[in-house]
Amino acid sequence: MKESIGTTGLILNDPLLWEKGKKGRRGFSLPRRDVESAPLNQDLTGDGPDFPDLSEVDVVRHYTRLSQWNFGVDTGMYPLGSCTMKYSPKTNEKQASLPGFAGAHPLMPTNLSQGALRMMFELEQYLSQITGMDATTLQPAAGAHGELTGMLLIHAYHKKQAAPRSKIIVPDTAHGTNPASAALCGYRPVAVASNEQGILSVEAVDEVMDEDTAGIMVTNPNTLGLFEENSKKIAEIVHAKGGMVYCDGANMNAVMGVVKMGAIGVDVMQLNLHKTFSTPHGGGGPGSGPVCVRKHLEPFLPVPRVKDENGTYVLDYERPETIGKVQAFHGAFGVMIKAYSYIRSMGPENLKKASQLSVLNANYIKETLKGTLHLPYDRPCMHECVFSDEYQAARKITTLDMAKRLMDYGFHPPTVYFPLVVHGAIMVEPTETESKEDIDQFVEAFKAIVKLKHSRRS
Ligand SMILES: *Cc1c(COP(=O)(O)O)cnc(C)c1O
């Protein structure tokens, strides 16, 4: 193995500023005063705040060091499964900070916001095309918020049929937010187990689907990184009993422009722009979870809808069946611009290629590490692969031990202990933006970590 990119040297510990301060140190020096001193305002002369006395260099070093104790996609590989921590091209940030966009205000009249509205209108269309759905709302603020919006749409649909229902089917390979979103909407989540291949079987769904079930929520690709191959047949079963099919599309990075979700029976789904479409994920920044629907759910979408009236973009509030607003103003506008810029700069062919490469990279890791780590579902994966610590258990080495050691080698650890269906899960999502060299280094680091350096016998 080449020299690892991690380091064990020159990482300086930094005490709190209060421990570092020393009475009499100053951050500045003023010239000696040449006027009489005057007392400060009485209110200010009591005990001041307990600030430490520090020099300028103390402060600069303290904060500069803290800033370097950070790890991000811009500093190294971040294979955090389910999170799609891929590199987001800087040009998309640049477009989002164009003064016309950055300075736009949501309360500006529509005739002065034509560019912004057009961008939103077109982005909705692109997302509908990429997913194979009919209409999109950009309002929801994140993935889980999109799920809740989708549940509200399904609820509105059944209410209109004058037949509200009480349950939602959620497989055990769903993301944890799925049952939570269903419950938040007042539905009772009904768990259904995945089969020995790690996907949902038609029979399992057939067994639980009934006329009091509003629909099914399927994460696809699922949290084992596997494509739900029986989707279409499962959708037919759910539809036959009047239910709706919800797809958690947070993992769209595996199937952009490859799978037309509408064609495999999905009625409603959300996307995570902050995973797939060029907004960095995490750190508390804004996200965006647009919801795409088929025609029959479109009347229920949140207001306002951006409408093209002969080349003029207007905001349409006159939608009697709408579920209302789900977000202040129009959504996370900056995130939308980055997604728009990303989609326009990639084009349909390259979006597809990005997905294909993300799948290739994950399968490469799966194949190169499978002798080293136990692979519970040994079959082609999508954008991520899930291992376990079973091979290391005899030596009492756990997933957590390996994840921590990986940091010494300069890698952000993968997602650990999730999904719950795999004991000691290690979920690796390399994404399409990692080179083969970087992935090889990651694989080598993993191999080095679990290697028995000295056999006890010899
Ligand atoms: C990340 C993720 C979510 C939740 O998205 P948030 O934006 O964090 O709310 C839901 N489902 C899946 C499959 C995810 O990977």
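Nothing in this text is a laboratory measurement; each read-out follows from the coordinates by a stated rule. This structure is a prediction, so every number in the text was calculated from the model and none was measured. Backbone-built Cβ (ideal geometry, glycine too); neighbour counts: all protein chains shown.
For the chain, which span is the longest to avoid every loop-located (per DSSP) member of GluC sites (Glu not before Pro) having at most 11 other Cβ atoms inside 10 Å?
37-195
Just tell me the longest site-free run in the chain, where the sites are chymotrypsin sites (Phe, Trp or Tyr not before Pro) in a DSSP loop having at most 10 other beta-carbon atoms within 10 Å. Walk me through the numbers before you get to the answer.
Numbers: sites that count: F28, W69, Y317.
For chymotrypsin sites (Phe, Trp or Tyr not before Pro) (loop position, at most 10 other Cβ atoms within 10 Å), the longest site-free span of the chain is 70-316.
Let me know the Rg and Dmax you get for region 24-122 when you use only its Cα atoms, in Å.
That works out to 25.0, 67 Å for Rg and Dmax.
Which value in Å does the Kirkwood hydrodynamic radius of region 90-345 take, with 1/r averaged over all unlike C-alpha pairs and then inverted?
Taking every pair of different Cα atoms in region 90-345, averaging 1/r and inverting gives 18.5 Å.
For the chain, what relative contact order do you get, as a whole percent, if you take Cα pairs closer than 8 Å and at least 6 residues apart?
About 20 percent, as a whole number.
Nothing charged except the Cβ atoms of Lys and Arg (+1) and of Asp and Glu (-1): what's the magnitude of the dipole of region 90-345 about its Cα centre? Round to the nearest 20 debye.
Here region 90-345 has a charge dipole of around 760 debye.
Could you sort out which of K90/K232; K370/K396; K241/K275; K232/K338; K90/K447 sit more than 29 Å apart by Cα distance in this structure?
Beyond 29 Å between Cα atoms: K90/K232; K241/K275; K232/K338; K90/K447.
What trypsin sites (Lys or Arg not before Pro) in region 244-343 are in a loop by DSSP, with at most 15 other Cβ atoms within 10 Å of the Cβ?
Loop-located and lightly packed - K260, K325.
Quick one: net charge of V258's neighbours, Cβ under 12 Å, K/R +1, D/E -1?
+2
Using alpha-carbon pairs under 8 Å, 6+ residues apart, how would you state the relative contact order of region 90-345 in percent?
For region 90-345, the relative contact order is 27 percent.
Classify the chain as rounded, prolate or oblate from the Cα gyration tensor: take a ≥ b ≥ c as the square roots of its eigenvalues, call it rounded if a/c is under 1.5, otherwise prolate when a/b beats b/c and oblate if not.
Oblate shape, in that a/c is at least 1.5 and b/c is the bigger or equal ratio.
In the chain, if the dipole is taken from +1 on Lys/Arg beta carbons and -1 on Asp/Glu beta carbons about the Cα centre, which of V245, T84, V208 is farthest to the positive end?
Of the options given, the answer is T84.
Let me know the volume per residue of the alpha-carbon convex hull for region 348-457, in Å³.
Residue-normalised Cα hull volume stands at 107 Å³.
Rounded to the nearest Å, what's the spacing between the alpha carbon centres of region 309-328 and region 115-144? Just the number, please.
Between the Cα centre of region 309-328 and that of region 115-144, the gap is 13 Å.
Add -39500 (n - 2.57) for each DSSP H run of 4 or more in the chain, then divide by its residues: what number comes out at 222 nm, to the nearest 500 deg cm²/dmol?
On the way: 13 runs with 155 residues, N = 458.
For the chain, the value works out to -10500 deg cm²/dmol.
Averaged over all directions, how much area does the convex hull of the C-alpha atoms of region 235-298 cover when projected, in nm²?
On the way: hull surface 20.2 nm².
Reported value for the Cα convex hull: 5.1 nm².
Using the Cα atoms of region 51-185, I'd like the radius of gyration and the largest Cα-Cα distance, Dmax, both in angstrom.
22.3, 71
Just from the alpha-carbon atoms, what are the Rg and Dmax of region 149-261 in angstroms?
13.2, 39
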